[in-house]
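Here the structure comes first, spelled out in structure tokens, and everything after it is commentary.
The values are calculated or read from the model by the stated rules, or taken from the named source; none is laboratory data. Bear in mind the structure is a predicted one, so any value in this text is a computation, not a measurement. Cβ placement follows ideal geometry from the backbone for every residue including glycine, while neighbour counts extend to all protein chains displayed. SASA here: full protein model, heavy atoms, side chains in, ligands and nucleic acids out. Shrake-Rupley method; radii C 1.70, N 1.55, O 1.52, S 1.80 Å.
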Amino acid sequence: MSDGIRLVGFDADDTLWRSQDFFDEAQLEFERIVGRYVDLADGRVAEALYAVESANIAVFGYGVKGMALSMIEAATQVTDARISAADLHRIVGMAKSLLRHPVEVLPGIRDAVEAIAARFEVVLITKGDLFHQEAKVRDSGLSDLFGRIEIVSEKDPPTYARVLSEFDADPGQFLMIGNSLRSDIAPVLALGGWGVHIPYHVTWAHERHADIVDGAERMRQVASPGELPDAVEALAGLARSA
Ligand SMILES: [Mg+2]
């Protein structure tokens with residue numbers, strides 16, 4: 001017998017506010033810059049960038065600054081070091097404008113978070129650059145709703161277990177809401193927790209691969225923020241009778 005869900009975690013990027021669109025625009029601009037040096041027809045540039053980014057996550061972590069360094073590395077590789085300093089500077093400029101981009105909270109999110117925060121303790125759990133994520137939380141106007149904000153370097157079962165132990169919560173008392181099956185849902189289900197998946201209209205290639213091996217019965221999927229409170233209540237009901 002469990003006493004049910006008492007802690008609800010929210011992912012931030014592409015769950016509370018728009019993010020991936022701006023990364024995708026930066027990638028298109030990157031391809032335009034590098035396209036002045038090499039033929040883009042075979043998709044080699046996008047592949048090269050993704051390979052460099054994936055290999056660099058373990059070194060730089062997630063976020064805009066790591067992306068910019070990976071773009072510079074990939075551009076140097078793909079152009080055989082022919083890329084000009086002026087074009088490398090353009091890449092740095094793209095990263096700066098991404099970091100300064102105004103936060104666009106998704107429609108309906110504030111009401112959904114308010115409704116859920118009225119019933120459960122809530123925490124924001126996000127990965128990325130500490131500096132950038134703190135600025136986005138501040139600029140989003142949502143920080144008053146979140147008593148705690150956890151900026152983590154990876155979203156895997158050990159990280160969630162550490163966060164839960166800080167809240168003195170068992171996995172069965174925790175529900176995570178997010179757009180990424182890989183980062184927000186699968187690791188929480190694997191620990192024995194609960195999840196509500198709210199897909200965003202675009203997904204970074206890195207976040208696309210996820211196997212929900214077990215625990216699918218502890219997950220719901222919703223199409224919009226307005227559906228979140230009911231989905232959380234439905235799972236909370238299941239958790240109480242579990
Ligand atoms: Mg996300």
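Can you give me the angle between helix 20-34 and the longest principal axis of the chain, using Cα atoms only, in degrees from 0 to 90, rounded to the nearest 10?
10
Local charge sum around residue 115 (other residues, Cβ-Cβ under 12 Å, Lys/Arg +1, Asp/Glu -1)?
Residues near residue 115 contribute -3 overall.
So what is the 222 nm mean residue ellipticity for the chain from helices alone, if each DSSP H run of at least 4 adds -39500 (n - 2.57) and you divide by all residues, rounding to the nearest 500 deg cm²/dmol? Kindly include the intermediate steps, with their values, before the conclusion.
Working: 9 runs with 113 residues, N = 242.
After summing the helix terms and dividing by residue count, I get -14500 deg cm²/dmol.
I need the shape label for region 20-99. Rule: rounded when a/c is under 1.5, else prolate if a/b > b/c, else oblate, with a, b, c from the alpha carbon gyration tensor.
rounded
Taking the Cβ-Cβ separation of residue 32 and residue 138 as r and a Förster radius of 30 Å, what is the calculated FRET efficiency to the nearest 0.05? Intermediate results must be reported in sequence, preceding the final value.
Numbers: r = 32 Å, r/R0 = 1.07.
So the FRET efficiency works out to roughly 0.40.
Can you give me the C-alpha center-to-center distance between region 6-63 and region 120-153, rounded to a whole angstrom?
21
Provide the solvent-accessible area of residue 149, counting protein heavy atoms only and rolling a 1.4 Å probe, rounded to the nearest 10 Å².
70
Using only the C-alpha atoms of the chain, find the volume of their convex hull and express it per residue in Å³.
120
For the pair residue 51 and residue 167, what calculated FRET efficiency results from E = 1/(1 + (r/R0)^6), where r is the Cβ-Cβ distance and R0 = 30 Å, to the nearest 0.05?
0.20
Taking the Cα-to-Cβ direction at residue 21 and at residue 205 and moving 7 Å from each Cα, how far apart do the two end points lie in nm?
About 2.3 nm, to one decimal.
Using the alpha-carbon atoms, what tilt in degrees (0 to 90, nearest 10) does helix 64-78 show relative to the longest principal axis of the chain?
It works out to around 40 degrees.
Quick one: work out the % antiparallel among DSSP beta bridges in the chain, nearest 5.
5
Net charge near residue 99, counting Lys/Arg +1 and Asp/Glu -1 over other residues with Cβ under 9 Å of its Cβ?
+2
Residue 90: net charge of surrounding residues, Cβ under 13 Å, Lys/Arg +1, Asp/Glu -1, itself excluded?
Its environment carries a net charge of 0.
Rounded, prolate or oblate for region 111-237? Axes are the square roots of the Cα gyration tensor eigenvalues, ordered a ≥ b ≥ c, and the cut-off for rounded is a/c under 1.5.
Here region 111-237 falls in the rounded category.
Can you tell me the Rg and the Dmax, both Å, for the Cα atoms in region 48-140?
Cα radius of gyration and Dmax of region 48-140 are 17.4, 58 Å respectively.
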